[in-house]
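Participant: After the structure tokens below, expect a handful of questions from me.
The values are calculated or read from the model by the stated rules, or taken from the named source; none is laboratory data. Because the structure is a prediction, the values reported are computed rather than measured. Note: ideal-geometry Cβ built from the backbone for every residue, glycine included; neighbour counts use all protein chains shown.
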Amino acid sequence: MAQSAPTPFAPTPPVPVPPQATLDAAGEILRALAAPVRIAIVLQLRESARCVHELVDALGVTQPLISQHLRVLKTAGVVRSARNGREVLYELVDDHLSHIVVDAVSHAEEG
């Protein structure tokens, strides 16, 4: 009886898949990060909390546009806000999301 040649790759068992609700939530976060201005906002906020006018100055876009993108990020749970006197400061909820953005930017720069 002929022996079959060994395959170079052993079958890999399937990876456990998170619950659908978790996958849906992850998809929403990735959609929230899918705009270049929102990526730039996350990069700014990873350094420190900022108010809208600081983001306007840093990114060179209008205040209404920054506010619109911050609303999307806040709804997705990427950023949170806190009032500081007359200003509202925005900050990242946690560092996980900034790592995703930094890795994506690094990957894009590698070309």
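Participant: Can you pull out the residues in region 83-111 that are in contact with a strand residue (DSSP E or B) (Cβ under 6 Å, 6 or more places away or on another chain) and without any contact (Cβ under 8 Å) to a residue 24 or more places away in the chain?
Facilitator: Val93
Participant: Would you call Ala82 modelled with pLDDT of 95 or more, loosely packed, with under 11 Cβ neighbours inside 10 Å and farther than 28 Å from Ala108 by Cβ?
Facilitator: Values: modelled with pLDDT of 95 or more: yes; loosely packed, with under 11 Cβ neighbours inside 10 Å: yes; farther than 28 Å from Ala108 by Cβ: yes.
In short, yes.
Participant: Run down Val37, Val61 and say which single residue is over 19 Å from the mean Cα position of the chain (by Cα) and in contact (Cβ under 8 Å) with a residue 24 or more places away in the chain. Break it down into steps so the answer makes sense when it comes.
Facilitator: Working: Val37 fails: over 19 Å from the mean Cα position of the chain (by Cα).
Only one candidate passes the filter, namely Val61.
Participant: What number of residues within region 22-64 satisfy the criterion of being touching a His at 6+ places or on another chain (Cβ under 9 Å) and exposed (fewer than 12 other Cβ atoms within 10 Å of the Cβ)?
Facilitator: 1
Participant: With the structure loaded, tell me whether Ala26 is modelled with pLDDT under 95 and among the small types (Gly, Ala, Ser) or whether it fails that test. Steps first, answer last, please.
Facilitator: Numbers: modelled with pLDDT under 95: yes; among the small types (Gly, Ala, Ser): yes.
Yes: the conditions hold for Ala26.
Participant: Further question on the same structure: Of all residues in region 47-92 being of a type in the set (Asp, Glu) and in a strand (DSSP E or B), which is farthest from Ala26 (Cα to Cα)? First the steps, then the outcome.
Facilitator: Residues of region 47-92 that are of a type in the set (Asp, Glu), as a first pass: 47, 54, 57, 87, 91.
If we keep only those that are in a strand (DSSP E or B) as well, we get 87, 91.
Numbers: Glu87: 30, Glu91: 19 Å.
Among those residues, the one meeting the criterion is Glu87.
Participant: Scan region 85-99 residue by residue and report those that are surrounded by fewer than 18 Cβ atoms within 10 Å (Cβ to Cβ) and either small (Gly, Ala, Ser) or out of contact with any Lys or Arg (no Cβ under 8 Å at 6 or more places or on another chain) (or both).
Facilitator: The answer is Gly85, Arg86, Glu87, Val88, Asp94, His96, Ser98, His99.
Participant: Between residues in region 1-30 that are more than 30 Å from Arg71 (Cβ to Cβ) and part of a helix (DSSP H, G or I) and residues that are aliphatic (A, V, I, L, M) and modelled with pLDDT under 90, which pairs lie under 8 Å by C-beta distance while being six or more apart or on different chains?
Facilitator: Hits for this filter: zero, empty list.
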